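I have placed the structure first, in the form of structure tokens, so that the comments after it can refer back to it.
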Amino acid sequence: MSEILLQIDGNEVKAKEGMTVLEAAQSAGISIPTLCHHEKLEPFGGCRLCIVEVEVRGWTNLVVSCVYPVAKNLVVRTRSEKVDRIRKMILELLLAHAPDAFELQVLAKEYGADKNRFEKEASFCIHCGLCVRYCAEVKKQNAVGFVDRGIRKEISFIPEIASRECWNCKECFPLCPTSYLQAAYVLTEALVFPSSAKT
Amino acid sequence: MSRINSPSELEEFRKGILLKRDPNKPCITLCSGSACHASGSGEVAASLEAEIEKQGLRDKVDIRRTGCHGFCERGPIIVIHPDEICYFQIKPEDVPDIISQTIMEKKVIERLLYTDPVTKEKIIHESEIPFYKNQKRLVFGSNGSIDPKSIDDYLAIGGYSALAKAFSEMSAEAVLGEVKKSNLRGRGGGGFPAGRKWEGSRNAPEPIKYVIVNADEGDPGAYMDRALLEGNPHAILEGLTLGAYAIGAHEGYIYVRQEYPLAVENVHIAIRQAEAYGFLGKNILGSGFDFKVIVHQGAGAFVCGESTALMTALEGRAGEPRPKYVRSNIVGLWGRPSVLNNVETWANVPLIINKGADWFTQFGTEGSKGTKIFSLVGKITNTGLVEVPMGTHLRDIIFKIGGGIPGGRKFKAVQTGGPSGGCIPEELLDLEVGFDELTKAGSMMGSGGMIVLDEDTCMVDVSRYFIEFLTDESCGKCTPCREGLRQMLKILTNITEGKGREGDIELLEALSETAIEASLCALGKSAPNPFLSTLRYFRNEYEAHIREKRCPALSCKELIAYHIDPAKCQACMICFKKCPAEAIVGGKNKIHVVDQEKCTKCGTCFEACPPRFSAVQKISGEPVPSPIPEEERMITRKGKEK
């Protein structure tokens, strides 16, 4: 793997070929906010919070750093007026679903996001997919998945698998940025396999 | 049927087909595409068969059930060759006359002809009808002359000669070069130059490559790809095979939505026939080139028209776009170089190879070459599919070919490019259609949908409708699209219901920016277009809804009221009887009044009131006048005084 030099927020950063901008930034101690990223999982590119500005051949583009590959002499700006404006909007959109989630509140403070900008529809889930992907990629169980699409999309446990696997695992619980998952799990447990919940 | 093993064998075979066909024998072609099927062409076909049998004409006349002719407004359509006599809106009961008069006695039946709406003249031949006369049907024209289930019909019009030419005279590089030189741009939405896409795949180091047909046409009201795949499937297969040869692919996929059963059926038949003849499979036409085609039926998700989502769906997973910044012509289906073009793009390829890039580039504008098929729907007299050279003025498409707006209404805008396209207002009607021209006007070419809107259409509601469609079709993976559209739809719905607030336009603009800049795929990035383009040209309508609670087009239910003008009402009882909500108060000789509490704003009274009275009015943005006092409501009619 050859070494690549790029510039992030004015700092020279060394990266390896095949790395993403987010990984390169993290390795240099430069922070970029994320919600759906997890180092053990394939990049998802879903929350779009890690959006940054890059300059390629004189053109400035907005790209999502968790999937954008590093390149020689790439110039990256992790903050700009536009980047901040978009992150603020993304946070406000998500806060409508999980207004009291701790992680979102910390980010909201940083970006001046107003949790009351949009009418609240507290569903807690912000579709980061961490539980779904962790269960599929790390645990290879697929006990939890997405169902339906668009604004009707939600996560759901597959009872047959969940009743067998989840009780002794629960590794996805702490991954959830809004803690919706635990509620969902407990609900499924109560509804689908009440007998095992007592043991 | 035995295989055809070389280009020269193909030419011999073709000669044989043509020799067996008498050009002077009458042939009745009947449009049997999905649209005409819906208007009864199946029944017409059955009675044609029966009548010919009955009259003992089996050997004297041919019947050919073709694909869509395009003039769907007037279907089912019959064209009788070789005289090209054109009959419209045929019913089974017309069939005996057609056989006994036109076929037997060579007499034209006046009542079945097209009547020019302006000159009132009857027109016999297809080529003289304004709808057809002003088109240039390079790609779509063959639809009317072949039975899509007959490969011999396709061969009779020169089918597979481009493939034979490529194999006998052209290297793969030369085929690619010709397509590059033709400047053919993708007809599916993005308008990306096909040749450059192909070249990328060809040059990619990975040896296994794929070619894919995107037949996941999902725009509301658009059906040109369906008509091509149903009506001329071999042209798509030939184009696809040429593409495969050019880039070095040996496997191709047709991703077709399962809501197109006739297209699925016809393409399956075509593949079987092409395999039997040796136009697909091993060692095609003796060239040593192998290529097979597999049909995959999609479940009709709009997002699967997006290239990476389509490929993900082909791989058997949920159709969601990929987040990677890498082109699918390099890393596509199963991670391999994959050229994806839509149906119409592939259908252009045999023409380019047969006639050359120089021929092709004589049609169109600087940036957009060739022709484009548009599906012309909405408030338009001649609903149908039209093919025109790029650069044709919008005005000509809508008025010369489309015949303008029915019912004497005024044109307001044309929505082009599908749900994520935009609305183009009257002042831009002289725009030349082309990829870049439409984008500059705030809309896009998309796959060629054109929805004509008249003065009764509310532009805020149009924008709400398309945002609703896109919200429904968003895959839900990324925040700006899923959540942004959810909020945009809420705000737009509020505006159309009179609940708009100051600041709504600015909030919609901010949500649009986030969707455009931060969405994962083209669906989200272009989703705000319906809002942005209507705001650009019809901002006053948004402001009227928000500030005055008024719908200028008198269309938004929550913002209008029906009122009966007491000075005009003749107490005729028509609306009184028809109102389904029993919201009309009145009686015989007693002026009618709409009970606003009961009124459901269905518009029945407005439609029912005789035009000579025109007493029912729609009002918006102003209070409903209070009803006249009970004692003044009686009408005394002349000569009927009690």
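Nothing in this text is a laboratory measurement; each read-out follows from the coordinates by a stated rule. Because the structure is a prediction, the values reported are computed rather than measured. FYI the Cβ positions are ideal-geometry reconstructions off the backbone, even for glycines, and counts take in every protein chain you see.
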Short to long, in 5 Å steps from zero, the percent of alpha-carbon pairs of segment B:307-457 per bin is 2, 9, 15, 17, 15, 14, 12, 9, 5, 2, 0, 0
Rg and Dmax [Cα atoms of segment B:349-406; Å; Rg one decimal, Dmax integer]:
13.5, 41
Ranking B:W198, B:W346 by Cβ neighbours within 10 Å, fewest first, what do you get?
B:W198, B:W346
When B:S127, B:S443, B:S41 are arranged by how many other beta-carbons sit within 10 Å of their Cβ, fewest first, they go B:S127, B:S41, B:S443
Extension gain (nm, one decimal) between B:K292 and B:E53, 0.36 nm per residue minus Cα-Cα:
82.0 nm
Ordered by packing density, taken as the mean number of other Cβ atoms within 10 Å over each peptide's residues, highest first, how do B:234-241, B:504-511 rank?
B:234-241, B:504-511
Where trypsin sites (Lys or Arg not before Pro) fall in DSSP loop in segment B:297-337, at most 11 other Cβ within 10 Å:
B:R317
Could you work out the percent of alpha carbon pairs in chain B separated by over 48 Å, rounded to a whole number?
23 percent
Report, as an integer, the average count of C-beta atoms from other chains found within 10 Å of each Cβ along B:328-336.
0
CD proxy at 222 nm, helix term only [per DSSP H run n ≥ 4: -39500 (n - 2.57); per residue of chain A; nearest 500]
-8500 deg cm²/dmol
Using a simple charge model, +1 on the beta-carbon of Lys and Arg, -1 on the beta-carbon of Asp and Glu, nothing else, what dipole does chain B show about its Cα centre, in debye to the nearest 20?
500 debye
Could you pull the Cα extents of segment A:3-79 along its three principal axes, largest to smallest, in whole Å?
29, 24, 19
Looking only at other chains, what is the average number of their beta-carbon atoms within 10 angstrom of each beta-carbon in A:82-95?
4
Along the Cα→Cβ direction, 7 angstrom out, place labels at B:K107 and B:I269. What is the inter-label distance in nm?
3.5 nm
For the pair A:D100/B:A276, report the inter-label distance in nm, with labels modelled 7 Å from Cα in the Cβ direction.
7.0 nm
Residues of segment B:337-381 with backbone nitrogen within less than 15 Å of a virtual label 7 Å along the Cα-to-Cβ line of B:E206, please, listed as ranges.
B:337-340
Can you find, among B:P566, A:V63, B:L242, the residue sitting farthest towards the positive end of the charge dipole of the protein assembly as shown, where Lys and Arg contribute +1 and Asp and Glu -1 at Cβ?
B:P566
Could you give the length gained by full extension between A:K72 and A:K139, i.e. 0.36 nm per residue of separation minus their alpha carbon distance, to one decimal place?
20.6 nm
Ratio of Rg to Rh over chain A (Cα coordinates, Kirkwood Rh, two decimals)
1.03
Debye sum, Cα scatterers, segment B:460-547, no solvent: what log₁₀ I/I(0) at q = 0.12, 0.14, 0.24 1/Å?
-0.30, -0.40, -1.15
Give the angle, between 0 and 90 degrees and rounded to the nearest 10, that separates the Cα long axis of helix A:81-95 from the longest principal axis of the Cα atoms of chain A.
0 degrees
Averaging 1/r across every pair of distinct alpha carbons in segment A:81-122 and inverting yields a Kirkwood hydrodynamic radius, in angstrom, of 9.8 Å
Using the basic label-point model (7 angstrom from Cα toward the beta carbon), what is the B:N283 to B:K410 distance in nanometres?
7.1 nm
With N set to the residue count of segment B:1-56, report its C-alpha Rg divided by 2.2 N^0.38 Å to two decimal places.
1.67
Sum of -39500 (n - 2.57) over DSSP H runs of 4+, divided by residues of chain B (222 nm, nearest 500)
-10500 deg cm²/dmol
Let me spell out the model: positive unit charges on the Cβ of Lys and Arg, negative unit charges on the Cβ of Asp and Glu, origin at the Cα centre of the protein assembly as shown. What dipole size does that give, in debye rounded to 20?
500 debye
Estimated Rh, the protein assembly as shown: Kirkwood, alpha-carbon pairs, angstrom
30.3 Å
For B:297-303, what's the mean count of beta carbons from other chains sitting within 10 Å of each residue's beta carbon?
1
Cβ neighbours within 10 Å, averaged per peptide: list B:566-575, B:489-498 in order, most packed at the top.
B:489-498, B:566-575
Mind checking the full-extension length gain between B:I157 and B:S2? Use 0.36 nm per residue of separation minus the Cα-Cα distance, one decimal, nm.
53.8 nm
Cα coordinate range in segment B:218-280, projected on the principal axes (Å, largest first):
35, 24, 16
Need the C-alpha centroid separation for segment B:461-528 versus segment B:94-157, integer Å.
45 Å
Expressed to two decimals, segment B:371-457 has a Cα Rg over Rh, using the Kirkwood radius, of 0.92
In segment A:1-31, the GluC sites (Glu not before Pro) that fall in loop regions by DSSP, at most 13 other Cβ within 10 Å
A:E17
Considering only C-alpha atoms, what is the centroid distance from segment B:17-40 to segment B:591-642, in Å?
54 Å
Let me check I have the definition right: for segment B:186-317, take the eigenvalues of the Cα gyration tensor, multiply each by 5, take square roots. What are those semi-axes in whole Å, largest first?
23, 19, 13
